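The values are calculated or read from the model by the stated rules, or taken from the named source; none is laboratory data. Everything numeric here is computed off the predicted structure, so don't read it as measured data. So basically every Cβ, Gly included, is an ideal-geometry build from the backbone, and we count neighbours across all protein chains shown. Quick note on the areas: whole protein, heavy atoms, side chains included, nothing else; ligands and nucleic acids left out. Shrake-Rupley method; radii C 1.70, N 1.55, O 1.52, S 1.80 Å.
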Amino acid sequence: MDESPTLGLLERALHASGYVVAHIQDADALDRALLETTPLILLIAQTLKGQDGIPIAQKALERFPTLPVLLYADHDDTALFKQAIRAGISDFLHPPLRIDDIVDIIKHNQKRAEHMGDWVRREVRRTTASLEKRMDELETLVKLGRTINSSLDLDNVLTSVVTAAVELTGAEEGQLLLLDDETSELYMRAGRNFEENFARTFRLPVRDSLAGQVVHTGQTISFCQDSPSKIKTAYLVYALIYVPLRVGDHVVGVLGVDNRQNKRPFTQHHELLMSVLADYAVIAIENAQAFQATDQERQKLDATINNIQDGVIVLDPEKNILLINPAARKVFGLGMSDLTGQTILKAITNADFSEILNSISENPLKHHEMAFEDGRVFNTQYVPLPEIGSVITFEEITHLKMLDRLKSDFIHTISHDLRSPLTAIMGYVELLDRVGPLNDQQKQFIRHVQNSAQNITTLINDLLDLGRIEAGFDTRKDEVAFDSILGYTLDNLNQQIIEKNQTVKLSIEEKLPALRGNPIRLRQLVDNLLVNAVKYTPNGGTLTVNLFHDTDQVILEVIDTGLGIPPTDQPHIFEKFYRASNTPKNTPGTGLGLAIVKSIVENHDGRIWLESTVGKGSKFVVVLPIYKKDED
Ligand code: ADP
């Protein structure tokens with residue numbers, strides 16, 4: 001207020017009412033003062049320093065909405081007062097002023113402000129209490145969520161859900177009923193404030209009961225009434241909420257709370273809480289079901305793996321043991337100690353096995369034979385398991401190996417015994433035309449006999465060769481230029497290649513290192529692979545032959561665009577007499593060529609494998625170690 005006699009009067013009246021007075025004369029000073037202090041009452045002139053007092057008062061009220069503001073007007077002005085009331089001003093003063101009137105007005109407004117303050121404080125307290133309650137509810141729900149996530153004990157979780165339901169709704173008792181599919185009855189899976197005996201024996205038919213109705217309709221039921229009603233065939237209640245437990249499309253049970261003694265009704269908010277709790281219960285039930293299903297599957301798998309005859313070891317990517325079955329323990333005589341987590345090479349100290357395991361990463365042929373000194377032989381198979389590591393299986397093939405040996409011995413003896421009579425047949429057939437004239441038909445018959453005898457001779461020679469290579473008689477190894485062997489074979493095959501109109505794409509690395517080997521056998525190897533490529537590739541096809549080296553090995557690739565070999569035949573293709581199922585009838589051949597090739601490769605400490613797609617072609621890859629001077 002500007003300086004004036006009235007100001008003095010007002011100050012005196014305020015002092016008389018017990019106030020300390022601060023006198024401020026412009027809007028900015030008022031702003032500053034309001035930052036430093038909280039006034040109990042504000043008296044403001046209609047204009048001060050030429051400024052309109054009402055907006056200034058309004059601004060102060062924004063900061064202190066319950067502050068009593070009195071407007072001092074120059075005279076009684078209804079229009080001005082209306083405007084002031086709209087701005088939130090509590091009362092007015094105008095001349096003529098008497099100090100008693102001023103004190104009365106001030107006291108009156110002060111009292112009103114005090115009442116208002118009390119009311120605001122009460123409201124704040126009430127809202128805070130309600131917020132605290134909501135916080136408690138949230139905390140209970142969060143805790144319950146944690147229990148569900150961390151506990152697999154369904155009883156424990158469901159009891160927690162029911163306890164929370166009773167606590168959050170303030171109910172007398174609560175229960176979680178589940179449907180027994182066989183009897184179509186609801187039984188109490190968890191209860192709060194029920195006698196244990198009652199809870200255990202409690203059974204409610206789905207038909208003709210309120211809880212059953214919830215199961216049927218999938219709708220929440222909630223009621224309260226003055227006289228207790230009997231929940232059909234069960235017990236008397238005043239108020240109740242039943243919410244469905246829904247798993248997928250099915251209602252599997254009901255979560256309920258009720259009041260039997262007091263008449264306190266449940267609210268909509270309680271219903272909402274109950275449906276949240278029902279969701280929690282459903283999550284717990286689903287978790288338990290999923291866990292049970294997984295556990296059952298795991299048990300089945302365990303039983304299978306523990307009882308199969310083949311040894312099984314599962315490894316993680318670092319080759320630590322994840323699982324080892326009794327059959328695998330027996331293979332290596334490992335006893336029953338716990339090997340889980342151990343490095344495989346530490347747990348199993350068999351030299352053959354270590355070698356196989358170390359070579360696995362670079363050897364795409366995943367079958368390996370492992371022989372023990374006591375005569376047992378196992379077919380070891382390594383299979384990578386994405387995201388797990390790998391599995392190694394051991395199949396005992398001792399009896400098959402014995403049969404194989406017997407068969408080889410038998411074939412070898414027979415071949416040997418057949419050779420002499422065959423030579424005699426060939427010799428005498430050759431002599432026939434020298435002992436007398438033969439007609440044309442006789443000559444033709446003789447040619448047939450010679451051809452057939454020649455085929456048998458080839459077969460017998462192959463068999464004897466195979467026997468020799470397998471027996472490891474070819475111990476002599478020389479420095480061999482593999483590229484010239486390849487050139488020689490290709491020259492010999494040239495005529496056939498031209499006849500079949502096939503294209504040969506040849507790539508031989510310059511300065512290819514020499515091999516250490518038996519030149520005759522290596523020629524046999526290259527011959528067999530290339531003869532096959534020509535034989536099993538139709539007219540007009542392409543043969544690609546690559547010969548190169550990589551660190552200490554020479555690699556030969558023979559690729560054709562021929563028939564291809566079906567996946568089911570591929571594992572057997574290097575076996576004796578084996579011919580692929582898609583080989584056209586009447587294709588000459590014995591099925592011994594690849595067996596010889598494999599034996600030669602193994603005899604030279606090399607490796608061979610194939611990749612083939614039916615209708616597209618085949619690729620045979622041979623890897624042989626290069627010649628090193630100090631090996632001689
Ligand atoms: P043979 O050719 O005398 O039958 P091999 O041991 O050389 O015997 O080959 C075995 C079988 O493998 C053949 O009968 C044929 O089914 C299949 N095979 C070999 N090489 C090829 C190839 N390049 N393309 C398609 N199939 C092949």
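The table for this structure:
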quantity	calculated
The chain: DSSP helices with Cα axial extent of at least 18 Å and average Kyte-Doolittle hydropathy no lower than -0.5	154-169, 268-307, 398-432, 482-499, 519-535
Integer Hz, Karplus 6.51/-1.76/1.60 couplings in order for region 172-183, x for Gly and Pro	7, 8, x, 8, 10, 9, 10, 8, 8, 4, 5, 9
Dipole of the chain, positive direction: furthest Cα of Q299, H270, L464, with charges on the beta-carbon	L464
Whole-percent carbon and sulfur share, accessible surface of the chain, 1.4 Å	52 percent
Region 37-51 - phi-based ³J(HN,Hα) in whole Hz, Karplus 6.51/-1.76/1.60, Gly and Pro as x	9, 10, x, 8, 8, 10, 10, 9, 7, 4, 9, 9, 6, x, 8
Lys, Arg +1 and Asp, Glu -1 on Cβ, resulting dipole of the chain about Cα centre, debye, nearest 20	1220 debye
Volume per residue of the C-alpha convex hull in the chain, rounded to whole Å³	418 Å³
Considering only region 5-120, percent of DSSP beta bridges that pair antiparallel, nearest 5	20 percent
Positive dipole terminus of region 400-460, leading residue within F410, V449, M426 (C-beta point charges)	F410
For region 375-430, the fraction of alpha-carbon pairs in successive 5 Å shells from zero, as %	4, 15, 11, 11, 10, 9, 9, 8, 7, 6, 4, 3, 2, 1
Efficiency of FRET from Cβ geometry, I388 and W609, R₀ 22 Å, rounded to 0.05	0.35
Exposed-site-free run, longest, the chain (rule: GluC sites (Glu not before Pro); DSSP loop; at most 16 other C-beta within 10 Å)	4-181
Farthest toward positive dipole pole in the chain [+1 Lys/Arg, -1 Asp/Glu at C-beta], among A57, S90, G212	G212
The chain - share of DSSP beta bridges that are antiparallel (%, nearest 5)	85 percent
Additional length obtainable on full extension of the chain from L152 to H399, 0.36 nm per residue less Cα span	84.0 nm
K49 versus E132: modelled label distance in nm, points set 7 Å from Cα along the beta carbon direction	4.7 nm
Between region 1-57 and region 303-352, the alpha-carbon center distance in angstrom	93 Å
Solvent-accessible surface ranking, highest first, for D153, D404 at 1.4 angstrom	D153, D404
Relative contact order, percent, the chain [alpha-carbon distance under 8 Å, six or more residues apart]	6 percent
Whole-number Å³ per residue for the convex hull built on Cα positions in region 308-394	93 Å³
For region 1-144, alpha-carbon Rg over 2.2 N^0.38 Å	1.33
Solvent-accessible heavy-atom area per residue, rounded to whole Å², over the chain at 1.4 Å	58 Å²
